[in-house]
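The structure's right below; bear with me while I get my questions together.
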Amino acid sequence: MRFTGPASATIFALAWPMMLRAIMLHGTVVIDAWLVAGLGEEAVAAMGLATAFGGLLLGVLLAFSTATQILAAKSFGTGRPEALRTALVCGLVINLGAGLAGLLATALVAGPMIEGSAHTPWIAAEARSYLAAFSIVVLGEAAAQSLSAHLNGCGETRRPFYSYLLAVPVNVGVSVVLIYGLLGAPALGVTGAAIGSGVSAVLRALYLGHHVRRANAAALAASAWTQGSFPRALRDHLVFALPVAATFLSATVANTVCSLIYARLEITEFAALTLIAPWVQVAGTVGMAWAQAAGILVAQLLGRGAGAGVLEDFLRQAWGGAVLAAAAVAAAYVGICASSGWIYGTLQAETQAALWSFLPVLLLLPFPKGSNAICGNTLRAAGETVYVMHIFVWSQWLFRVPGTAALVWMGVPVAWVFSLLLFEELVKFPPFHQRMRGGRWKVAKL
């Protein structure tokens, strides 16, 4: 039986809520830092020190949730209630287990590292207090991210976005009250920001859990598991998810190492890289959301048993949309560079010049990055998570990280250091597209 592939409008309908949700997630971090900034530089330093650990934990949860999203989409495509239930329950168990394991590891190693990095005992104490309260965020997000991934896989991308519309104002309100001790509440300083984020995360999990329960009543009522037993199903889910988690973890560590290397640049060059990095991340969510939506639909088509012709027709539309998304991102980068003098009014002329020197790379970067993202999400949807992991890990650790160290050591202009982001995408381009042309993924089984 031949299935009709989704149109570009279907990809867009899935992509825009994920894009806005990602932007709001990045914005939440900015808002928390802005709220704490009123307490002074030492409070900001304490928060920054603690969130280095908290951010790594949330990154691991996001990685496992990405795998759950793919499996949920495949299960949704099959139309079998027991498959959908298996993906949901296994995803929740793995995320909660990863969250608890991460908190245990953090409790063992974070204390000495904070003590060694903090400039004053007060900063160390505040960082430890913030991190202790942040455990609420980790557990709440473990459930919320898994439930969001399940809904995304089922094509319900708007509901996770709505959960942020509900939770972000609560986060801001509770944080302000607890940071500064308003309305008779104790003034908890930076710890208040962590508690506010925790309340927000728990609220999101409850909201998403309620909706999943309503929307998936038939799946939750199923008594069977896809592999005959829950332990076997959990093992298969984990085997699929581990390469995805390793890919995200490698990227996080590689970015951290490169940031430490950047610190050896001239102060104006380092400042320019620091300022452009969040804009690259936020603007890049446009192309990444499009690619993730395409990956969800590929997984659903594979679950339905769609043939190679349907998959190829669909991907041609997806790649066409990716080009348009890349053009929009490139235009956004032009606007960011052009308005940087207004956004950051106190920048030195050298820093401003460094930002403008990034523009040629920024104009080209979205195009190979968007195409690689389509390939990566498609291959993951077909179960080729190990192959995708190898491409990312080796391009990072055999090319970008040593290349960054070498260029910084040689003292080349900062634009060449920044250009390694583009060249990394060009390194990944041949193995990704060669694998896509091979066609084995079109009949792959998860």
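Hey, any hits in region 275-296 for a residue that's free of Cβ contacts under 8 Å to residues at least 40 places away in the same chain, in a helix (DSSP H, G or I) and buried (at least 17 other Cβ atoms within 10 Å of the Cβ)?
Taking every residue of region 275-296 in turn, none turns out to be free of Cβ contacts under 8 Å to residues at least 40 places away in the same chain, in a helix (DSSP H, G or I) and buried (at least 17 other Cβ atoms within 10 Å of the Cβ).
Against the conditions (1) in the same structural domain as residue 366 (by TED's automatic domain parsing); (2) more than 20 Å from residue 21 (Cα to Cα); (3) buried (at least 21 other Cβ atoms within 10 Å of the Cβ), where does residue 233 fall short? Just the number, please.
(1)
Under the condition of being β-branched (Val, Ile, Thr) and either surrounded by fewer than 20 Cβ atoms within 10 Å (Cβ to Cβ) or not assigned by TED's automatic domain parsing to the domain that holds residue 384 (or both), which residue from region 298-335 is nearest to residue 79 (Cα to Cα)?
Of everything passing the filter in region 298-335, 310 is nearest to residue 79 (Cα to Cα).
Continuing with the same structure: Please enumerate the residues belonging to region 68-82 that are assigned to a helix (DSSP H, G or I), closer than 19 Å to residue 381 by Cα and out of contact with any Lys or Arg (no Cβ under 8 Å at 6 or more places or on another chain).
Hits for region 68-82 are 68, 69, 71, 72, 73, 74, 75, 76.
Ok, one more. What do you reckon, is residue 156 part of a helix (DSSP H, G or I) and acidic (Asp, Glu)?
Here the answer is no, as residue 156 does not meet what is asked.
Within the group 104, 56, which residue is assigned to a helix (DSSP H, G or I), modelled with pLDDT of 80 or more and either crowded, with 17+ Cβ neighbours inside 10 Å or not basic (Lys, Arg) (or both)?
None of the others qualify; the one that does is 104.
Hey, does region 398-411 have a residue that's assigned by TED's automatic domain parsing to the domain that holds residue 254, within 20 Å of the chain's Cα centre (by Cα), assigned to a helix (DSSP H, G or I) and among the polar types (S, T, N, Q)?
So far as region 398-411 goes, no, none of its residues is assigned by TED's automatic domain parsing to the domain that holds residue 254, within 20 Å of the chain's Cα centre (by Cα), assigned to a helix (DSSP H, G or I) and among the polar types (S, T, N, Q).
Then there's this: Could you grab me the full set of residues in region 247-267 that are part of a helix (DSSP H, G or I) and modelled with pLDDT of 80 or more?
Of everything in region 247-267, those that are part of a helix (DSSP H, G or I) and modelled with pLDDT of 80 or more turn out to be 247, 248, 249, 250, 251, 253, 254, 255, 257, 258, 261, 262.
Got a number for residues in region 343-393 being assigned to a helix (DSSP H, G or I) and either free of Cβ contacts under 8 Å to residues at least 40 places away in the same chain or more than 19 Å from residue 430 (Cα to Cα) (or both)?
Of the residues in region 343-393, 17 are assigned to a helix (DSSP H, G or I) and either free of Cβ contacts under 8 Å to residues at least 40 places away in the same chain or more than 19 Å from residue 430 (Cα to Cα) (or both).
Taking only region 394-412 into account, find how many residues are crowded, with 17+ Cβ neighbours inside 10 Å and either of a type in the set (Lys, Arg) or farther than 23 Å from residue 362 by Cα (or both).
1
So in region 122-170, with the set limited to residues that are within 30 Å of residue 77 (Cβ to Cβ) and among the aromatic types (Phe, Trp, Tyr), which one is surrounded by the fewest Cβ atoms within 10 Å (Cβ to Cβ)?
162
If we keep just the residues of region 69-101 that are of a type in the set (S, T, N, Q) and either touching a Phe, Trp or Tyr at 6+ places or on another chain (Cβ under 9 Å) or surrounded by fewer than 16 Cβ atoms within 10 Å (Cβ to Cβ) (or both), which is nearest to residue 128 (Cα to Cα)?
So, considering only residues that are of a type in the set (S, T, N, Q) and either touching a Phe, Trp or Tyr at 6+ places or on another chain (Cβ under 9 Å) or surrounded by fewer than 16 Cβ atoms within 10 Å (Cβ to Cβ) (or both), the one nearest to residue 128 (Cα to Cα) is 95.
Of the numbered conditions (1) more than 22 Å from residue 59 (Cβ to Cβ); (2) in contact with a helix residue (DSSP H, G or I) (Cβ under 8 Å, 6 or more places away or on another chain), residue 121 satisfies every one except a single condition; which is it?
(2)
In this structure, does residue 414 turn out to be touching a Lys or Arg at 6+ places or on another chain (Cβ under 6 Å) and modelled with pLDDT under 95?
Considered against the rule, which asks whether it is touching a Lys or Arg at 6+ places or on another chain (Cβ under 6 Å) and modelled with pLDDT under 95, residue 414 comes out as no.
Regarding residue 270, is this residue under 22 Å from residue 386 (Cα atoms), aromatic (Phe, Trp, Tyr) and in the same structural domain as residue 371 (by TED's automatic domain parsing)?
The answer is no for residue 270.
Only one residue in 349, 373, 381, 415 is surrounded by fewer than 16 Cβ atoms within 10 Å (Cβ to Cβ), assigned by TED's automatic domain parsing to the domain that holds residue 320 and small (Gly, Ala, Ser). Which one?
349
The values are calculated or read from the model by the stated rules, or taken from the named source; none is laboratory data. Bear in mind the structure is a predicted one, so any value in this text is a computation, not a measurement. In this analysis, Cβ positions are derived from the backbone assuming ideal geometry, glycine residues included, and neighbour counts consider all displayed protein chains.
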